[in-house]
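What follows is a single structure, written as structure tokens, with notes after it.
The values are calculated or read from the model by the stated rules, or taken from the named source; none is laboratory data. Nothing here was measured: the structure is a model prediction, and the numbers come from that model. Note that each Cβ is placed from the backbone with ideal geometry, even for glycine, and that neighbours are counted across all protein chains shown.
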Amino acid sequence: MPERTATIASRSGLHARPAAIFAEAAGESPVEVTIAMAGSPADDALDAASILSLMTLGAAKGDVVVLRAEGDGADAALDSLVTLLETDLDAE
Amino acid sequence: MQNFQGVGVSPGRVIGTIRQMPKPVSEPPSGEQLAASTTAEDAVAGLKAAAQSVHDELKARADKASGDGKAVLEATALMAKDTMLLKSATKLINNNGSSAERAIWEAGASVSEMLHNLGGYMAERATDVLDVRARIVAELRGVPAPGIPASDTPFILVAEDLAPADTATLDPAVVTALVTSGGGPQSHTAIIARSLGLPAVVAARGVDEIPDGAEVFVDGAAGSLSLEPSEEQRAAALAWVENAATLAVFDGNGTTADGHLVPLLANVGGAKDAAAAAALGAQGVGLFRTEFCFLERDTEPTVLEQAAAYRGVFDAFPGKKVVLRTLDAGADKPLPFLTDATEPNPALGVRGYRTDFTTPGVLDRQLEAIAIAADETEAEVWVMAPMISTAAEAAHFASMCDAAGIKTPGVMVEVPSAALTSASVLRHVGFASLGTNDLTQYAMAADRQLGPLAELNTPWQPAVLRLVQLTVAGSAEEGNGKPVGVCGEAAADPALAVVLVGLGVSTLSMTARSLAAVGTVLKTVTLEQAQELARLALSAPDALDAKAWVRAKLPILEELGL
């Protein structure tokens, strides 16, 4: 299964506005994307399109997360979501 | 022309169309099952459709909003169709045969609790999940969404009562007046209306039956609402627009016509309020409600955090008096680190100064923080304890202040026992401030939030005025001219303010919006006339007569629509 790691760049972590922007983007991608903290079992991965899941994940700035997806367009979707996570969305 | 009579709590005369505030969404009964005619599949589809339409509505509102409000609405809209929430509700429908309403209710509760337990920013979002849940249930039931109706055109809001949380969504540019069927003169609706300067009537029975869109005339001073406004009422509403402009400016000099000075101070809850009050001409702060800096906190703020919050208020009033009230937790303002939420009778429980009996140390640390903040500013800082009942408590509080290096300790007089023994209480401290909201509630044994008791719960009660008089007399007996001020809502009523001055009160502290009206009326009477009006009010058999008799002698009130 394609997967990518990304380092959270937003100052406030994956909360508030950055979480909303990311969840919305994940929801719009053609495949289901999951998110987990790096090093945690794949079974614990959460739905990346769920803002409530992202909030309970509690990823702070500098934390490394793993995104996973399967199916047509998975690689492209993952790449664009990684870019989003590695942008400081609080600065916009 | 049909008339509804309630209690006027914030002056102003306006004409407008009404919108009813939808009733809060009730909890679907525990264990509620799918109707026999509904399959689980249909219920899940219905839930998804309802969630989608709640999402769309919130998203549409977010698109029109800006700033912080926009971000919160965007996040809330996403919660409405969140997979975590909907999957757990779907599971309850499929596995337990729950109704869609009950399923989303329970799913929302567990997600909200999870966020609450995470603390910090997440805990603040927990209530958003509950709001989304209520909206989805309303959508499933086909009833209007809870909360203040969204509207682009101004309207008069009619509700049963408003909660403190409603203030956040109340836009004074859209809501032109507030009318409630419940609540009393000291209810949250009244306090919100006065702080926003909105005309308001509370405890007006029957107003919840008026249909949406009806045109009405509201008189916030007379406490009335009329259907089908007359020509006179239309003229009165026009005149109010002009009066309101003059009543918005206070010249910063509280005095009677003959030059007896009565400084007019503001009640504030934090630095933002304080800056607004200073801009409105307040001559200082008569009540700084410190607990408002920390209402959302689960844990005690550190000494330095507290000092920073207090300094924000002190800095708005360099060279002027700022009277700070130590944490007044309990009853309707619980603080988890101080109060026991399980008390059967919180208004008579461990609240205010009394929390020092059960949680010693918090008050010492607060006094330490106040002393640090006071040292760094030019404000003249006075500190008072809420809910003092005996001279011994006053003495103990004064010794704590002394130990912390605070020069001017004082007490709130809210408990009738403190009013009755004010000479001995004042021997230990430098000043007293009458909290008329609680003093009325305790003197009349009437819960201030209850609509049916609104008539009892007014500071116009001759018994309450008598307690004010006794407190002032106690100060005279004590012999050192220690000031007795008023910092309850009573001070914001221009007619009652005159009576209080006549009773010998030395300062009046109120919501900053009321300063100009009180200052304007006070300037029209001499001290002797005020004393005469005070005697008149004390001689009245009841609150209604006391108010009517005094108002009849102050024609300027009618002239200005106050």
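Assorted remarks:
- Residues satisfying the stated conditions in region B:95-115, i.e. at the interface with chain A (Cβ under 8 Å from one of its Cβ atoms) and closer than 21 Å to A:GLU24 by Cβ: B:VAL111, B:LEU115
- Wholly within region B:210-312, strands (runs of 3 or more DSSP E) carrying at least 2 residues that are over 25 Å from the mean Cα position of the chain (by Cα): B:215-219, B:224-227
- Qualifying positions in region A:11-20 - buried (at least 20 other Cβ atoms within 10 Å of the Cβ) and under 18 Å from B:ALA80 (Cβ atoms): A:ALA16, A:ALA19, A:ALA20
- Failed item, numbered, when B:VAL9 is tested on (1) loosely packed, with under 15 Cβ neighbours inside 10 Å; (2) at pLDDT below 90: (1)
- Residue satisfying all of: in region B:76-94; among the small types (Gly, Ala, Ser) and farther than 19 Å from B:LYS59 by Cα; nearest to the other protein chains (Cβ to nearest Cβ) among these: B:SER88
- Flag if B:ALA134 is within 30 Å of A:GLY13 (Cα to Cα), within 14 Å of chain A (Cβ to nearest Cβ), out of contact with any Gly (no Cβ under 6 Å at 6 or more places or on another chain) and touching a residue at least 12 places away in the same chain (Cβ under 8 Å): no
- In region B:116-131, the qualifying residues are those that are farther than 17 Å from B:ALA51 by Cβ and out of contact with any helix residue (DSSP H, G or I) (no Cβ under 6 Å at 6 or more places or on another chain), and the one that is farthest from the other protein chains (Cβ to nearest Cβ) is B:THR127.
- Test: B:LEU554 is out of contact with any strand residue (DSSP E or B) (no Cβ under 9 Å at 6 or more places or on another chain) and not charged (D, E, K, R): yes
- Of the numbered criteria (1) under 30 Å from B:VAL518 (Cβ atoms); (2) surrounded by fewer than 22 Cβ atoms within 10 Å (Cβ to Cβ); (3) among the hydrophobic types (A, V, I, L, M, F, W, C), the one B:PHE288 fails is (2).
- Members of region B:398-455 that are among the polar types (S, T, N, Q) and either part of a helix (DSSP H, G or I) or under 24 Å from the mean Cα position of the chain (by Cα) (or both): B:SER399, B:SER417, B:SER422, B:SER424, B:SER433, B:THR436, B:ASN437, B:THR440, B:GLN441, B:GLN449
- Any hit, region B:388-399, residues being in contact (Cβ under 8 Å) with a residue 60 or more places away in the chain, of a type in the set (Val, Ile, Thr) and more than 20 Å from B:PRO318 (Cα to Cα): no
- Filter result for B:VAL72 (at pLDDT 90 or above and either under 29 Å from the mean Cα position of the chain (by Cα) or within 14 Å of chain A (Cβ to nearest Cβ) (or both)): no
- Of all the residues in region B:308-345, those that are at pLDDT 85 or above, surrounded by fewer than 22 Cβ atoms within 10 Å (Cβ to Cβ) and in contact with an Asp or Glu (Cβ under 8 Å, 6 or more places away or on another chain) number 5.
Residue by residue, here is whether (1) modelled with pLDDT under 95; (2) not β-branched (Val, Ile, Thr) holds:
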residue	(1), (2)
B:ASP447	yes, yes
B:LEU453	yes, yes
B:GLY474	no, yes
B:VAL486	no, no
B:ASP493	yes, yes
B:GLY502	no, yes
B:THR507	no, no
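- Residues of region A:32-58 that turn out to be buried (at least 17 other Cβ atoms within 10 Å of the Cβ) and either modelled with pLDDT of 90 or more or more than 12 Å from every other protein chain (Cβ to nearest Cβ) (or both), as a count: 15
- Matching residues, region A:59-75, being among the basic types (Lys, Arg) and within 14 Å of chain B (Cβ to nearest Cβ): A:LYS61
- Residues located in region B:331-363, provided they are of a type in the set (Phe, Trp, Tyr) and either under 21 Å from B:PHE288 (Cα atoms) or part of a loop (DSSP other than H, G, I, E, B) (or both): B:PHE337, B:TYR353
- Within region B:12-57, the set of residues being without any contact (Cβ under 8 Å) to a residue 24 or more places away in the chain and either in contact with an Asp or Glu (Cβ under 9 Å, 6 or more places away or on another chain) or crowded, with 19+ Cβ neighbours inside 10 Å (or both) comprises just one member, B:ALA49.
- When region A:3-28 is limited to residues that are in a loop (DSSP other than H, G, I, E, B) and at pLDDT 90 or above, the one that is farthest from the other protein chains (Cβ to nearest Cβ) turns out to be A:ALA9.
- All helices (runs of 4 or more DSSP H) inside region B:1-104 with 1 or more residues being in contact with a Ser or Thr (Cβ under 6 Å, 6 or more places away or on another chain): B:40-64, B:83-96
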